[in-house]
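Novice: One structure is given below, represented as structure tokens, and several questions about it will come after.
The values are calculated or read from the model by the stated rules, or taken from the named source; none is laboratory data. Please read all numbers here as calculations on a predicted model, not as lab measurements. Cβ atoms come from the backbone with ideal geometry, glycine included; neighbour counts cover every protein chain shown.
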Amino acid sequence: MGKKVAIVTSNAAKGEEARRILERLGIEAEVVEMEKLEIQSESLEEIALRAARAAYEVLRRPLVVDDSGLFVEALNGFPGPYSSYVYKKIGVRGVLKLMEGVKDRRAYFKTALAYVSQGVERVHVGVVWGRIAEEARGSGGFGFDPIFIPEGHSRTFAEMEPWEKDALSHRARAYEAFAAELKWI
């Protein structure tokens, strides 16, 4: 494609996952580790776009920033856009505690991926449905991966090989939509 994109994140694991996905899609990418602007909003799309705009002001080159969240149906979409904060404060165990005795364990992961380049701003969304496991399982991935079982599977994201997760995750779906449009930008 001839386009190179910077992946802006302070999370090395997320950056590596995004780089692998883009490489699979034929897009050259470089992870740029830097703190991103973190606004408070109910909208992942707004959070990602504002962070991408701020990063572009510093780097002045084509870049992507993503913001993701775990949305648990029985908890009215909590933690949603506050997933990173909730993970830092109560972690996987805390979410499992909130889910004790809850039968409806449906949940989804959502990623909003913002692309900013000179004169161009786009946001792509990826969603993967699944359910919250009864207990944490697996040692791969990061964040809430040990408790999320994607629809049609019996293993958590943390139990999957990186290539398996990369093929069906919310992040992969957002990056796939981005890659499909990138050739037209």
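Novice: What's the number of the only condition in (1) surrounded by 15 or more Cβ atoms within 10 Å (Cβ to Cβ); (2) free of Cβ contacts under 8 Å to residues at least 12 places away in the same chain; (3) not small (Gly, Ala, Ser) that residue 57 fails to meet?
Specialist: (1)
Novice: Moving to a separate point now. Looking at (1) crowded, with 20+ Cβ neighbours inside 10 Å; (2) at pLDDT below 95; (3) among the acidic types (Asp, Glu), which is the only condition residue 166 fails?
Specialist: Residue 166 satisfies all of (1) crowded, with 20+ Cβ neighbours inside 10 Å; (2) at pLDDT below 95; (3) among the acidic types (Asp, Glu) except (1).
Novice: Return yes or no: is residue 39 touching a Lys or Arg at 6+ places or on another chain (Cβ under 8 Å), at pLDDT below 95 and buried (at least 19 other Cβ atoms within 10 Å of the Cβ)? Give the steps one after another, and end with the answer.
Specialist: On the way: touching a Lys or Arg at 6+ places or on another chain (Cβ under 8 Å): yes; at pLDDT below 95: yes; buried (at least 19 other Cβ atoms within 10 Å of the Cβ): no.
So residue 39 does not fit the description; no.
Novice: Of everything in segment 1-24, what is within 20 Å of residue 54 (Cβ to Cβ) and surrounded by 15 or more Cβ atoms within 10 Å (Cβ to Cβ)? Give them in sequence order.
Specialist: 5, 6, 7, 8, 9, 11, 14, 15, 18
Novice: Can you pull out the residues in segment 121-163 that are among the aliphatic types (A, V, I, L, M), buried (at least 16 other Cβ atoms within 10 Å of the Cβ) and more than 21 Å from residue 19 (Cβ to Cβ)?
Specialist: Within segment 121-163, 132, 133, 136, 147, 149 meet the criteria.
Novice: For the condition closer than 17 Å to residue 7 by Cα, in contact (Cβ under 8 Å) with a residue 40 or more places away in the chain, touching a helix residue (DSSP H, G or I) at 6+ places or on another chain (Cβ under 8 Å) and not in a helix (DSSP H, G or I), what is the one hit in 116, 128?
Specialist: 116
Novice: Report, ordered by the first and then the second residue, all pairs with beta carbons closer than 6 Å, sequence separation of six or more or different chains, a first member in segment 166-181 that is of a type in the set (A, V, I, L, M, F, W, C), and a second member that is in a helix (DSSP H, G or I).
Specialist: 172/21; 172/166
Novice: If you don't mind, another one. I'd like the full set of residues that are touching a strand residue (DSSP E or B) at 6+ places or on another chain (Cβ under 6 Å) and either within 12 Å of residue 67 (Cβ to Cβ) or not hydrophobic (A, V, I, L, M, F, W, C) (or both), limited to segment 32-50.
Specialist: Across segment 32-50, the qualifying residues are 36, 44, 45, 47, 48, 49.
Novice: If you go through segment 153-175 one residue at a time, do you hit one that is touching a Lys or Arg at 6+ places or on another chain (Cβ under 7 Å) and in a loop (DSSP other than H, G, I, E, B)?
Specialist: Yes, segment 153-175 contains at least one residue that is touching a Lys or Arg at 6+ places or on another chain (Cβ under 7 Å) and in a loop (DSSP other than H, G, I, E, B).
Novice: If you scan segment 99-120, which residues turn out to be closer than 30 Å to residue 60 by Cβ and surrounded by fewer than 21 Cβ atoms within 10 Å (Cβ to Cβ)?
Specialist: 117, 118, 119, 120
Novice: Go through (1) modelled with pLDDT of 95 or more; (2) of a type outside the set (D, E, K, R); (3) surrounded by fewer than 18 Cβ atoms within 10 Å (Cβ to Cβ) one by one and return the number of the condition residue 52 breaks.
Specialist: (3)
Novice: Residues of segment 24-69 being among the acidic types (Asp, Glu) and under 13 Å from residue 125 (Cα atoms), which ones?
Specialist: Passing the criteria: 45, 46, 66, 67.
Novice: In the set 93, 20, 24, 60, which member is at positive phi and not small (Gly, Ala, Ser)?
Specialist: The unique qualifying residue is 60.
Novice: Out of the residues in segment 73-98 that are in contact with a strand residue (DSSP E or B) (Cβ under 9 Å, 6 or more places away or on another chain) and among the small types (Gly, Ala, Ser), which is surrounded by the most Cβ atoms within 10 Å (Cβ to Cβ)?
Specialist: 83
Novice: Cβ-Cβ distance below 7 Å, separation of 6 or more or different chains: which pairs start in segment 72-92 with a residue that is under 19 Å from residue 149 (Cβ atoms) and end on one that is exposed (fewer than 15 other Cβ atoms within 10 Å of the Cβ)?
Specialist: Matching pairs, first to second residue: 73/104; 73/106; 74/102; 74/104.
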